[in-house]
Structure formats: C-alpha cells, structure tokens
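Okay, structure first, notes after.
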Amino acid sequence: MLFADFVIRKPTKEMLIDARRNARLSPESAADLCGVHRTTYTRMENGSSRVNVACFRLIMTAAGWLPEPFRGWSIGQGKLWTPEDVSFEPGEIRAIPYLYAIIADYERELGIPNTKPPIAPNVVPIRRRK
C-alpha cells in the first residue's frame, strides 16, 4: 500500500481490506474504530456500499500511515508523539486555538502589532472584565 493511498478520494473495498489487515484489526474492531455498525462496515468491505473515506483514513492511521507533514510522528498510549519524543494529549491539542487567542489578547493589551493571521476564523480573543 502506498502513502498516496491515504489521500485518495475514492478508496476501493480492496484498499479498505488491505488497510484493515495492515492495522491488524478484525472487521468488528474496524467497525468500532469507525463508529459504524458491523453490518455497515461489512457492506463497505464486500462492495455493496461505498467505502467511507473518513473510515478508510482512520484505519490507515491505525495501521501507522500518517499524512506527509506528520512523517516521524506517531500515535500511542492515547497521545500524539513528535519525532523528538514529545507527547501531546487530545485536550492539549484542542486548547491550541484558545491559547493563540489569549496570546493575541495580551499582545493587543501591550500594543504589540499582530502580524500573524488568526489560527482559526471561528476563534475570537477572550474579553476580560475590567
């Protein structure tokens, strides 16, 4: 299986089966991982329904395949690990946009010009009560 398979928009049933086997998952475990009923997953594998791209990518990730910018990164023990062996828990990653908003708020208070674009368009700086 090639890395390019990870980004494919229309994975085939053969690709799904190959990814599941590389991840050493049973069909039941793969269904649980994807958050779908076992019957739904079985239909994807036997070709009677279209392969869900998100499910395919999730199984590819479980098999150890990550997108190119994450070369050297890994997932284990419920954490995301950098190539430098630094770990991040899901809550820490979810907090990043809010941390950037807090930093931007402090920079405004200190009169430091904001030269960076916002990390996400839906995150607004926190307003403190005075």
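Throughout, read-outs are computed from the coordinates displayed, never taken from laboratory work. Fair warning: this is a prediction, and the values are worked out from it, not measured in the lab. All Cβ positions, even for glycine, are placed from backbone atoms using ideal geometry, and neighbour counts span all protein chains on display.
Things to note:
- Charge-dipole axis of segment 3-69 as Lys and Arg at +1 and Asp and Glu at -1 on Cβ define it, positive-most pick from 46, 62, 17: 46
- Magnitude of the charge dipole for segment 1-114, about its Cα centre and with charges confined to Cβ atoms of Lys, Arg (+1) and Asp, Glu (-1), is about 720 debye.
- Cα centroid separation - segment 41-68 against segment 81-112, whole Å: 31 Å
- Where labels lie 7 Å past Cα in the beta-carbon direction, separation of residue 68 and residue 103 in nm: 2.6 nm
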